[in-house]
Amino acid sequence: MIFSSPKKYTQQLERKPPVTLALMGGMAGLFLYRDMPGMPTARKYALCPAEIVRQKSLSRLVVSAFLHGDEWHLYNNLASLLWKGVQLELSLGSQRFLQMVGILLILSHSIDVGASYALSIYMNSNQPIRQCSIGFSAVLFALKIVLNYNSPSHTSIMGIIVPTRYVAWLELVYLHYFVPQSSFVGHLSGILAGYIYMKSPLWNINLFSPSPRYSYRIGSTGYRQTNTSSRRAMEEADAAYARRLQEEEYRRLIMEEATTKAVVQVEKNMLSRLLYPNPVCLLTVQEALNHEILRNVMTITWLTPINNHGKFVCSMNCKRHTAHFVNTPGKHFVINIPTKNHEEKILAIGGCSGESVDKFEALNLATCPPGWTALRPLKRKNCMSKKDLREAEIHEAVSNCIALDDCIAHIVCKVDTVAEVDGHYLLTCTQVAAWTLSNYWNGKHFAPRSPSDAPYLTFLGTKVFASITPTFD
């Protein structure tokens, strides 16, 4: 299960990066068969500065990178390695990429050991040199520096627009505060190793460079390097493919995920109209916590627009399981609008608690990105206009959310304020973006455009629903 997304992405690649896949396979194999006799263990091979120096256990510098603590630790590292490896290996060539990974691994872990001893001396404590770590994260941070070293683009991280070449530093701070068990010194060592690699002669070293082969002809002397032109042509082709890779892969994924649904994005100044009729809604939330993805869905009808600019208020009982997902300003969620003939499913969702059951699995709820398809990657720009900033805001909101596939509208929302009133949270929220099926939106009104389209619902209480239909001419 945990390997499904990287596997799917790999299968869609036109050209497979052999070194990247071999590294991923090695890490996955060591994790899956970790309990077999003779397999390396964290106890014996973790990156422990004190053991490496005092016991001269140099094998820890290498083996520790390929060991992982749990499935999510492994999954995150495999996904990150695949993304970075595809771009770098196809651009540099497999031999050069393998050499780079080896150098960055040894360099980053050596810096980790040295930094730990420096901290131990500074703090007058043995704690820094006795802290052990495992995983490929240091190398991944170093690869991120190499990949983005000269990038002119900007990236949105949790709504913060920063130059892409500095993203690693922001991620370092984020992981330190929000993933306390992560290795700050290890990640920092990876960043420093990346900069050292790019700024030193290490970048120009090529251990796999073939020596020239000489040939002789009667009446002349000289030498020629065989296969040069064909090798150069292959490298140039790989580099060109790597440059096209991101755009092509996103296009392929979008085409694959797209269904026969015709979808329209609702204009910003019309967002409030989706909630005018007070339809029955299904609220979905998703949150990453300690390498685990938490998600839930609940029914909600206590909501109403308060202006024409996408602002609305909603109320939910403080004891509801979903409440802790949205009781903080800045949190994102999705309002999904179902139609008639989904009454039993709506009642089933409201009849159980996400605290004790995964409703998505128990009720067989199909999920998708808000808007039904993955958004295209943002265009790389040095200066961000208001339009660019809004697109970045939408991308950031959507990346944190999950939606229901069989609904007719997805509204991505952000919590602005939270107040507790009579045991309920009163939330003031903003609609960030919304998408509907085209046969429910005419540019001004949210309603079925044909009598053959199923109407959406309103709630009359005590498991009784009514449907909302316009007056057709």
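The values are calculated or read from the model by the stated rules, or taken from the named source; none is laboratory data. Just so you know, these numbers come straight off a predicted model, no measurement behind them. Glycine gets a Cβ as well: all are built from the backbone with ideal geometry, and neighbour counts include every protein chain shown.
Please report, ordered by residue number, the strands (runs of 3 or more DSSP E) entirely within the stretch 268-310 with at least 1 residues that are assigned by TED's automatic domain parsing to the domain that holds residue 459, modelled with pLDDT under 90 and closer than 30 Å to residue 73 by Cα.
281-289, 292-300
Checking residue 450 against (1) more than 30 Å from residue 392 (Cβ to Cβ); (2) modelled with pLDDT of 95 or more, only one condition comes out false. Which one?
Evaluating residue 450 over (1) more than 30 Å from residue 392 (Cβ to Cβ); (2) modelled with pLDDT of 95 or more leaves (2) as the failure.
Within the stretch 450-469, can you find the residues that are assigned to a strand (DSSP E or B) and either farther than 24 Å from residue 301 by Cβ or among the hydroxyl-bearing types (Ser, Thr, Tyr) (or both)?
Scanning the stretch 450-469 gives 456, 458, 467.
Per-residue answers, yes or no, for (1) without any contact (Cβ under 8 Å) to a residue 24 or more places away in the chain; (2) farther than 22 Å from residue 264 by Cβ; (3) of a type in the set (Asp, Glu); (4) in a strand (DSSP E or B):
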residue	(1), (2), (3), (4)
411	no, no, no, yes
414	no, no, no, yes
417	no, yes, no, yes
420	no, yes, yes, yes
425	no, yes, no, yes
428	no, yes, no, yes
444	no, no, no, no
448	yes, no, no, no
471	yes, yes, no, no
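For the list (1) modelled with pLDDT of 90 or more; (2) at positive phi, I need the number of the one condition that residue 93 fails.
(1)
Would it be correct to say that residue 378 is assigned to a helix (DSSP H, G or I), modelled with pLDDT under 85 and either closer than 27 Å to residue 319 by Cβ or not charged (D, E, K, R) (or both)?
So residue 378 fails the test.
Does the stretch 422-442 contain at least one residue that is over 25 Å from residue 320 (Cα atoms), loosely packed, with under 15 Cβ neighbours inside 10 Å and in the same structural domain as residue 312 (by TED's automatic domain parsing)?
Yes; the residues of the stretch 422-442 include at least one that is over 25 Å from residue 320 (Cα atoms), loosely packed, with under 15 Cβ neighbours inside 10 Å and in the same structural domain as residue 312 (by TED's automatic domain parsing).
Name every residue in the stretch 44-81 that is within 19 Å of the chain's Cα centre (by Cα), farther than 17 Å from residue 139 by Cβ and aliphatic (A, V, I, L, M), in order of residue number.
None - no residue of the stretch 44-81 is within 19 Å of the chain's Cα centre (by Cα), farther than 17 Å from residue 139 by Cβ and aliphatic (A, V, I, L, M), so the list stays empty.
Looking at the stretch 257-267 only, could you name the residues that are surrounded by 12 or more Cβ atoms within 10 Å (Cβ to Cβ) and at pLDDT below 50?
257, 258
Could you pull out every one of the helices (runs of 4 or more DSSP H) wholly within the stretch 21-136 that has 1 or more residues that are in contact with a strand residue (DSSP E or B) (Cβ under 8 Å, 6 or more places away or on another chain)?
So the answer is 60-63, 71-92, 94-123.
Specify the residue that is farthest from residue 74 (Cα to Cα); the eligible residues are those in the stretch 138-157 that are at pLDDT 85 or above and of a type in the set (Gly, Ala, Ser).
Residue satisfying both the conditions and the ranking: 142.
Return the total of residues in the stretch 328-359 being over 25 Å from residue 276 (Cα atoms) and surrounded by 18 or more Cβ atoms within 10 Å (Cβ to Cβ).
2
Identify the residue in the stretch 402-421 that is of a type outside the set (S, T, N, Q) and surrounded by fewer than 20 Cβ atoms within 10 Å (Cβ to Cβ) and, among all such residues, is nearest to residue 311 (Cα to Cα).
That would be 416.
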